[in-house]
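Notes follow the structure.
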Amino acid sequence: MSQSNSTIIEKKSNPLTKSFEPQAFESSTYQFWSESGCFDSSDTNAPGQQSFCIVIPPPNVTGVLHMGHALTNTIQDTLVRWRRMSGDNTLWLPGTDHAGIATQTQVEKAIAKEGKGPTGRPLTRHDLGREKFLERTWKWKDEHAGEITNQLKRLGSSLDWKRERFTMDEGCSAAVREVFVRLYEEKLIYRGERIINWCCRCQTALSDLEVIPTDRKGYFWHLRYKIVEKDGTPVKNPDGGAAELVIATTRPETLLGDTAVAVHPEDERYTHLHGKYAVLPLLGRIIPVITDSYVEREFGTGALKITPAHDFNDADLGQKHGLPIISVMGKDGKITAEGGPYAGLKFTEAREKVLADLEAQSLLVKKEDHAQKVGLCQRCDSVAEPMISKQWFVKIEPLAKPAVEAVETGKIEFSPKNWEKTYFEWMRNIRDWCISRQLWWGHQIPAWYCVNCEGVTVSRAAPEKCSACGAGASQLKQDEDVLDTWFSSALWPFATLGWPQKTAALQTFYPTSILETGFDIIFFWVARMIMMGIHFMDEVPFKKVYLHAMVRDEKGEKMSKSKGNVIDPLVLINEHGADPLRFTLTAMAGQGRDIKLSVDRVEGYRAFANKIWNATKFFHLQFEEAQGGPQVSGSAVGPIAEPEGGAAAWLQEHRGSLSPTNRWILSRLQQCTTTVEKGFAQFELNESANALYEFVWREVCDWYIEFSKIPLRQGGAAREQSLITLAHVLEQTFRLMHPIMPFVTEELWQSLPWKKPANTPARVRDGKPAVMTLMFQSFPKAQDSWIDIKAEQTVRQLQNIVEAIRNFRGENNISPKVEFPVRYTTSSAAVPGFLADHHAEILALCRIQSLEAASGTSEGQEFQAVIPLSEPQLEFRISLAGLVNVDEEVKRVKKEMERVAADLEFVRAKLSKESFTAKAPPALVDKERAREKELADKLAELSAGLARLAKLSGGQS
RNA sequence: GCGAGCGUAGCUCAGCGGGAGAGCAUCGCCUUCACACGGCGAGGGUCGCAGGUUCAAUCCCUGCCGCUCGCACCA
């Protein structure tokens, strides 16, 4: 469906408000972009075009936007907008994650509030049943999914919404089943009974990563074990006493499941116990004393109890020594039948009772304080218990190896690079990945068990018969468990592009260009995407991994709801606009440091948005006046015609006659362009942001616009060239700033005259209409030919002059309204000409009455104040009469002299060292010598001035 | 314990081999025809501590102290 090329999609534009009011235009601007197809990517590149693709780290579908989202999406949007303007076929792919436990928990809470179950307890998902519960959860998802996506839109994210995905949509689900079946067939997925982490509250298995080791205050209980022979005969110590072993433990209740005690083989204290047995307190079980160098002799008593069913390290030791495994703690949080008299007790109750019984039998030696780590469930903060359970696992080593190589060989690069070390560390010591979860919300495991033969059938779709015994479908029951949410996330870069189908999008956009995310999910997500991507696509999923910092509150603490220190990005957007927030995050996104976000900073950048807003308004006032609107300065010449071929071409053509200040700002624009582009390309967005801030505020607004007021008032050709220069500079600046501040730049750009519609290469090829938008304007390229050293030097000198006079005024508290005459002397032949050329600029910016060469010595008496300058080389003279208190001026001169004298002393000290003059680069030595002379001259001039003042002061008093 | 990062102005941060900068906050002058979300000026820092390399160190190296984050088998 192609439309005529002559059609242009335009935005309805409004006159600029008095000041920057983001609420007035942000949402309508987003809507315009969206409706005009500005976010669309094409399945295929236009000839010569490159693709650029980022897949969004999918936020939880029922989540709300927090500062971390705001940061990652601002960074991604900035990169994406930059590449789009640079001509790439750009896809930023949106989507959300079903977030198994998190979402299920939310729905369960909602149900619990709704009513009571048959037993009078709050309703649980079991009261509803799986089918009804999933129905509820889908409904919940449909109701809440819009929130996070709308919030992403509020941020300005240029996501291609037409390609939005969800980890549980049909395509992703098909990809999940495909991957599961293939890995199963390759024997990289297996089902086994192993020790896993179990959350008794969530009632599900967890992966290692989902368990957070947390410091807890605990105790060390020292327990006495009697030592016997295998047949139960007591063993005596060499000294004749009954042999025993004291073991320190933090978890006495687990002794119910002990199947050995261990000592270090070379621990001389315990040599006599080798090959003996211990009597398990309370239960009386006879268990072996084993030796293993794993035991730390210095820690505790140097003896260790082994509970293979409830401790990961004990499980390893148990396997190594062939120990039996006794599960005494159940998934329901209670002691199992194996626990004998303690069966049915909750773990905490069991501990109390075990301790009481030990105490009663005098088997408890002592109790001491001990800081320990307890594994807590990442989602619910309750204790996660290691236990033996039958679960599905991914055999990870064969997948990890190529994933490590991809980073080693540089096929994937991390930035900052030091994260590679973290990645390697984890990947080289990786354990098999437990992927089954005892939840309902998620991808149900595509495995069916045969009632008949207990065989397992793994299949992409519901099987018709048992793969083992051939029994019919009615004999097959699907595994009730679902997969770890991260299992589907691992497929995100290719599943979202249509895999396992061989789609054009997959061809065009895989591997994706950049992955941008937080370092906290390197293991959860990044590593797993790399493994799955390489395995199924034969190609890495992305070439670069950019890891941003953590956003914290202004005190450096992690933002969390419970601490109440959360800064809500939506509140900031409502109050100050998306652009100031984006600019703040970008400016602070330097690498290697946490981002401590302060609202002050956002307000500061809001002022920045307002600044460029008003600079644009200034342009309009001047431009409209030139077009014959209301005359402010009263020097109307004909209207400014639209420059043929655009402002850039016009400037190129009139280059020879451009004023120094116009040449200067065009030169500075190139420097700024270079820095901004470099920052984007090297993932140093803060460099880009800072360069823009400096350029716009310090150079364009503080100096250029002030200079330009003179030719603008002058009218005629001078006005024309300044207006065209200003229009060009603003227009180019909007382009440079647009990736970071999309809304305000679009709004201001729309207001400019002479704008042209633009299109992307793929849209041109597809015959789609051009759009009048900044989004499609080409990103500026720095042009060295516009760099003008001479103009930069000229302006530098003007700035020195203006600053010197302003300093005199400020230090003496002279009101800006008071204009005074200034004289100068110079020994340079060039200076009088320079001052004459820039007479108007100096008078205007210094707000002085006149600037003339001092004539003869009589004026030397009258114009007592002295302001020496070295670049340009001159000395200003100002009469103090009626202007300044002489004593105040004496103070100022003395202060200045002190400063100069200190500098001079330092330079002389440096030059007096032969080591310096001999070994430092000659150019530097010359520079210091020149500086010495400069400072000495300056000091002499100040000194002469002070002498004149002293005479005056003496005469007055 | 191992690994990584950070310690620069009151606060938040840049700089990272030739005598330290910004924003906010503070003080003074100013409603000057783009902007008081503004302009001009000022004050404020032995750049965590101690050594070393260098003609020269906030910047490079080593050690220590402090904060943060990963990883780890200290029961």
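Taking only the Cα atoms of chain A, the radius of gyration and Dmax are 38.2, 123 Å. Computed over the stretch A:449-547, the P(r) curve from all C-alpha pair distances, binned at 5 Å from the origin, holds 2, 12, 18, 15, 11, 11, 11, 9, 6, 3, 0 percent per bin. Please list the non-local residues whose amide H lies under 5 Å from the amide H of A:VAL365, H modeled 1.01 Å from N, same-chain partners needing a gap of 5 or more. Excluding prolines and chain starts, which carry no amide H, the hits are A:HIS222, A:LEU223, A:ARG224. When the alpha-carbon atoms of the stretch A:130-286 are used, the pair Rg, Dmax equals 27.9, 84 angstrom.
Where both residues lie in chain A, what percent of DSSP beta bridges are antiparallel, nearest 5?
On the way: 73 of 101 bridges.
The antiparallel fraction comes to roughly 70 percent.
Projected area of the stretch A:602-755, taken from the Cα convex hull and averaged over every viewing direction, in nm²?
9.0
Using a probe of 1.4 angstrom and keeping all protein chains present, the accessible surface of chain A works out to 45 square angstrom per residue. When A:ASP267, A:ASP231, A:ASP702 are compared by accessible area of protein heavy atoms, the largest-first order is A:ASP231, A:ASP702, A:ASP267, using a 1.4 Å probe. Between the C-alpha center of the stretch A:453-506 and that of the stretch A:648-664 there is a gap of 67 Å.
By the Cα gyration tensor, the stretch A:410-483 has an equivalent ellipsoid whose semi-axes, rounded to whole angstrom, run 40, 13, 11 from largest to smallest.
If R₀ is 41 angstrom, what is the calculated FRET efficiency for the pair A:THR7 and A:ARG655, using the beta carbon separation as r and rounding to 0.05?
Details: r = 36 Å, r/R0 = 0.88.
With a Förster radius of 41 Å, E is 0.70.
Amide H contacts of A:VAL295: none lie under 5 Å away among residues 5 or more positions distant or on a separate chain (H built 1.01 Å from N in the peptide plane; Pro and chain starts excluded). For the stretch A:230-336, the set of trypsin sites (Lys or Arg not before Pro) satisfying both a DSSP loop assignment and a count of at most 11 other C-beta atoms within 10 Å is given as A:LYS230. Annotation for the stretch A:747-822 versus the stretch A:870-905: alpha-carbon center distance of 34 Å. Once backbone amide H atoms are built at 1.01 Å from N, A:SER51 has A:ASN89 as its partners under 5 Å, excluding neighbours fewer than 5 places away on the same chain. Excluding same-chain neighbours fewer than eight residues apart, the lysines reachable from A:LYS367 by a Cα-Cα span under 24 Å are A:LYS217, A:LYS226, A:LYS305, A:LYS346, A:LYS353.
Here the Karplus curve 6.51 cos²θ - 1.76 cosθ + 1.60, taken at θ = phi - 60°, turns the phi angles of the stretch A:72-86 into couplings of 5, 6, 5, 4, 5, 5, 4, 5, 5, 5, 4, 5, 5, 5, 7 Hz, with x standing for Gly and Pro. Give the distance, in whole Å, between the Cα centre of the stretch A:140-200 and the Cα centre of the stretch A:425-439. Cα centroid to Cα centroid, the span is 17 Å.
For chain A, the relative contact order works out to 13 percent when only alpha carbon pairs closer than 8 Å and six or more residues apart are counted. Report the normalised scattering of the stretch A:214-274 as log10 I(q)/I(0) at q = 0.17, 0.21, 0.25 Å⁻¹, calculated by the Debye formula with identical scatterers on the alpha carbons. Here the Debye-derived log intensity ratios amount to -0.71, -0.98, -1.21.
Projected label points at A:SER915 and A:ASN885, each 7 Å from Cα along the beta carbon direction, are separated by 4.9 nanometres.
Which semi-axis lengths, in whole Å and largest first, follow from the square roots of five times the eigenvalues of the Cα gyration tensor of the stretch A:197-326? Please list the in-between numbers first.
Working: eigenvalues 162, 47, 39 Å².
They are 29, 15, 14 Å, listed from largest to smallest.
Computed from the Cβ-Cβ distance with R0 of 25 Å, the FRET efficiency linking A:GLU905 to A:GLU811 stands at 0.65.
Each Lys and Arg contributes +1 and each Asp and Glu -1, all at the Cβ; summed about the Cα centre of chain A, the dipole is approximately 600 debye.
Straight-line reach from A:LYS544: taking Cα to Cα under 17 Å and skipping same-chain neighbours fewer than 8 places apart, the lysines in range are A:LYS411, A:LYS417, A:LYS421, A:LYS678. 3J(HN,Hα) couplings calculated from phi for the stretch A:694-699 with the Karplus curve 6.51 cos²θ - 1.76 cosθ + 1.60 (θ = phi - 60°) are, in sequence order, 4, 4, 5, 7, 6, 9 Hz; Gly and Pro show x. Computed from backbone phi with θ = phi - 60° and the Karplus coefficients 6.51, -1.76 and 1.60, the 3J(HN,Hα) list for the stretch A:922-931 is x, 4, 5, 4, 4, 4, 5, 5, 4, 5 Hz; x is used for glycine and proline. Only Cα sites of the stretch A:384-429 enter the Debye sum here, all with the same form factor; the resulting log10 I(q)/I(0) across q = 0.16, 0.20, 0.21, 0.23 1/Å is -0.57, -0.71, -0.75, -0.82, listed in q order. Under Stokes-Einstein, with the Kirkwood radius over Cα pairs as Rh, the value for the stretch A:88-181 at 25 °C and 0.890 mPa s is 157 µm²/s. What pairs in A:LYS12/A:LYS768; A:LYS18/A:LYS153; A:LYS373/A:LYS395; A:LYS230/A:LYS276; A:LYS331/A:LYS395; A:LYS132/A:LYS331 have C-alpha atoms more than 18 Å from each other? Too far apart for the 18 Å limit: A:LYS12/A:LYS768; A:LYS18/A:LYS153; A:LYS373/A:LYS395; A:LYS331/A:LYS395; A:LYS132/A:LYS331. Stokes-Einstein diffusion for the stretch A:170-257, with the hydrodynamic radius set to the Kirkwood value over Cα pairs and evaluated at 37 °C in a medium of 0.692 mPa s, equals 175 µm²/s. Across chain A, where is the longest run that never hits chymotrypsin sites (Phe, Trp or Tyr not before Pro) in a DSSP loop with at most 16 other C-beta atoms within 10 Å? Within chain A, the longest run free of exposed chymotrypsin sites (Phe, Trp or Tyr not before Pro) spans A:300-753.
The values are calculated or read from the model by the stated rules, or taken from the named source; none is laboratory data. Quick caveat: nothing in here was measured; it's all calculated off a predicted structure. Positions of Cβ are generated from backbone atoms using ideal geometry, with glycine treated the same way; all protein chains shown enter the neighbour counts. Accessible surface is based on the protein model in full, side chains and every heavy atom, while ligands, DNA and RNA are left aside. Shrake-Rupley method; radii C 1.70, N 1.55, O 1.52, S 1.80 Å.
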